[in-house]
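All remarks here apply to the structure that follows.
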Amino acid sequence: APSPTTAVPYMSVKCIDVRKNHHKTKWLMPWGRNHCEKLKDFDEAVSRQIEANDIVFAVHIPLPNKEMSPWFQFMLFIMQLDIAFKMDNDLKENAEITLDVSLAYRDDIFDDWEEIAHAIEIRKLKCTFGSPKTLESEGRHYDCDFLPFMEIGSVAHKYYLINIRLPVNERKGINVGIGEIKDIRLVGIHQNGGFTKVWFAMKTFLTPSILIIMVWYWRRITLMTRAPVLLEKVIFALGISMTFINIPVEWFSIGFDWTWMLLFGDIRQGIFYAMLLSFWIIFCGEHMMDQNERNRLSGYWKQVGPIAVGSFCLFIFDMCERGVQLKNPFYSIWTTEVGTELAMAFIIVAGICLCLYFLFLCFMVFQVFRNISGKQSSLPAMSKARRLHYEGLIFRFKFLMLITLACAAMTVIFFIVSQVTEGHWKWGDITIQVNSAFFTGIYGMWNLYVFALMFLYAPSHKNYGEDQSNGDLGVNSGEELQLTTTITHVDGPTEVYKLARKEAQE
């Protein structure tokens, strides 16, 4: 697949709008038919006595002779200001710029523009000046950070138009002390259409495979005369959350203007993360011999509780950003000091917690391995057939545990990298290039892992039971009983699970 996203730079065109009651009457086009009257620079505006309030920065998306497509899925825009140093118009400390922004669309070059959103937004300027502020330095540009500008969750139309005004009101102190703005540049980021098609194809192919194994798995469990054990319920719940993330509802975004698809995707992924992290804790816990609270969810509240709280915080954070953007695409939590600190703190804390979680998981897996090694000491006393059977079981179980750790490590890395990638446009200094193989690989890994779990942990209908043990050289010690179980094989949990169960014989 091609890389997941493409970044396209746009330079705004300065248009003159000398009519009163500006944006309510007409949209200003930077080029093409009915284009606006343009200004080369602000010196021309001064010589023609055109006020700052009569200048509109216009940006047409996409570039000339191109069209946007629903396959692009979303649009994210970052703003960069070119601010020149002037002795009599210096950039003051903690300057704030007020933007009067409007967004419109049309699907034909001869149609009228239809408004999508209009807002008055304030952005904090974070700029540095490398040279001493003297007369010789006049005209040099400040080095300014990127500003978050806009995010839309669907690209349902062919053409978009952004009109930006910088209203000046000296009495109210609006747009005063922001230096001499020369140009406004935008960077538009959208998903690649080729990547979207590969992604949709994967989802469409994987959905039925997980659904089929889920039905087969649950049918196996319902054939049992006993109730399902906790581990079997949790694996089934994991299968449901995987199916939920798989179902390719994104196909509808090609035909419908569903701006909430980004938020919906985040919620689906959040549910899956929470389920996967909880499952790993329960999975390891249920295979420990020295745990008294078995087969009850209440025994894991200390471990699962923080995961639930973390997931809820993730949801609240997402609603504060993407939830508000459904109404106002120009809103960003990164525009205020408090919002930026909260967002940064959230990402850092989430990353630290995930790393600690992974270490805790490694410790639990180590304990399980130690317990299994203890069980292996009873193998030599068994008959050859049974010993080979259990050696095979132990090998498969250890392999599954190592795969679990590898899957956990990749998931933690994926979460941290995707958070940093999403945030770096908003911070402006950290860049990570994530290629499509990483996204599709992790996604395929999750599906394969869930598929394997249901396949390996479906209750067995085979009977390795008492008929073999009678001929076991009379060996029927407590050790061996621990390796089998008092429940008959047909109605018992899977043998891998039984192998590590703490049974009544102890």
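Below are the figures for this structure:
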{"read-out": "Label-point separation, residue 31 to residue 112 (7 Å along Cα→Cβ), nm", "value": "2.7"}
{"read-out": "Mean residue ellipticity (222 nm) of the chain, computed from DSSP H runs ≥ 4 via -39,500 (n - 2.57), nearest 500", "value": "-15000 deg cm²/dmol"}
{"read-out": "Relative contact order [Cα under 8 Å, 6+ residues apart], region 5-190, whole percent", "value": "37"}
{"read-out": "Distance histogram in 10 Å bins (all Cα pairs of region 1-100, percent per bin)", "value": "11, 35, 34, 17, 4, 0"}
{"read-out": "Relative contact order for the chain, counting Cα pairs under 8 Å that sit 6 or more residues apart, in percent", "value": "18"}
{"read-out": "GluC sites (Glu not before Pro) restricted to region 165-244 and DSSP loop, no more than 15 other C-beta within 10 Å", "value": "170"}
{"read-out": "Pairs of lysine residues in region 1-139 - Cα separation under 21 Å, sequence separation of 8 or more or cross-chain", "value": "15"}
{"read-out": "Protein-only accessible surface order, largest first, of 146, 455 at 1.4 Å", "value": "455, 146"}
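The values are calculated or read from the model by the stated rules, or taken from the named source; none is laboratory data. Owing to the predicted nature of the structure, the values given are computational and were not obtained by experimental measurement. Here Cβ is always computed from backbone atoms with ideal geometry, including for glycine, and neighbour counts include all displayed protein chains. Only protein heavy atoms, including side chains, enter the accessible area calculation; ligands, DNA and RNA are left aside. Shrake-Rupley method; radii C 1.70, N 1.55, O 1.52, S 1.80 Å.
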